[in-house]
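Bear in mind that the values in this text are calculations on the coordinates, not laboratory data. Only a predicted model underlies this, so the values are computations on that prediction, with no experimental measurement involved. Here the Cβ positions follow ideal geometry from the backbone for every residue, glycine too, while neighbour counts run over all protein chains shown.
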Amino acid sequence: MAAHNDLGKLGEEMAVAFLQKEGYEILDTNWTFQKAEIDIIAKKENILAIVEVKTRSSIAFGLPQDFVSPKKIQLLVKAVDAYVNKKNLDIEVRFDIIAINNEPKKSQSAQKEDKSFVIEHLIDAFYHF
């Protein structure tokens, strides 16, 4: 598997752990509908959180959340509509982004860089129309 795929998988695993720690119930991960994939579908109280996870090894080219395109948003809206209908849910839907980036830290002992990730949960990151 390519290194960027490994990083993306690690990011999704960290996002699931983060959400569970925050009290979310994980209903599905990597749920697909046609060309769309929803990274995480989670529930907290009476809210269905549709979570797009963006992981970057560096923010040199922009913040992770900046890479959610309008086309991706359209696909997510279509997919969540299919999910809600398939599961016959009557619930409020919210779109979130979990942005994860590597923040290199210098180790004092060996003067080498250790990996440390920053996780930011953007609630209501975008709206569907």
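If you go through the range 1-42 and keep only what is farther than 21 Å from residue 75 by Cβ, touching a residue at least 12 places away in the same chain (Cβ under 8 Å), part of a loop (DSSP other than H, G, I, E, B) and not acidic (Asp, Glu), you end up with 23, 24. Scanning the range 4-38 for residues that are aliphatic (A, V, I, L, M) and farther than 16 Å from residue 100 by Cβ returns 26, 27, 36, 38. The listed residues are 26, 47, 59, and the only one of them that is over 26 Å from residue 82 (Cα atoms), more than 11 Å from the chain's Cα centre (by Cα) and of a type in the set (Val, Ile, Thr) turns out to be 59. Just to be sure, is residue 49 part of a strand (DSSP E or B), within 26 Å of residue 70 (Cβ to Cβ) and touching a residue at least 12 places away in the same chain (Cβ under 8 Å)? Against the criterion (part of a strand (DSSP E or B), within 26 Å of residue 70 (Cβ to Cβ) and touching a residue at least 12 places away in the same chain (Cβ under 8 Å)), residue 49 qualifies.
For residue 62, the conditions (1) in a loop (DSSP other than H, G, I, E, B); (2) in contact with a Lys or Arg (Cβ under 6 Å, 6 or more places away or on another chain) all hold with the exception of (2).
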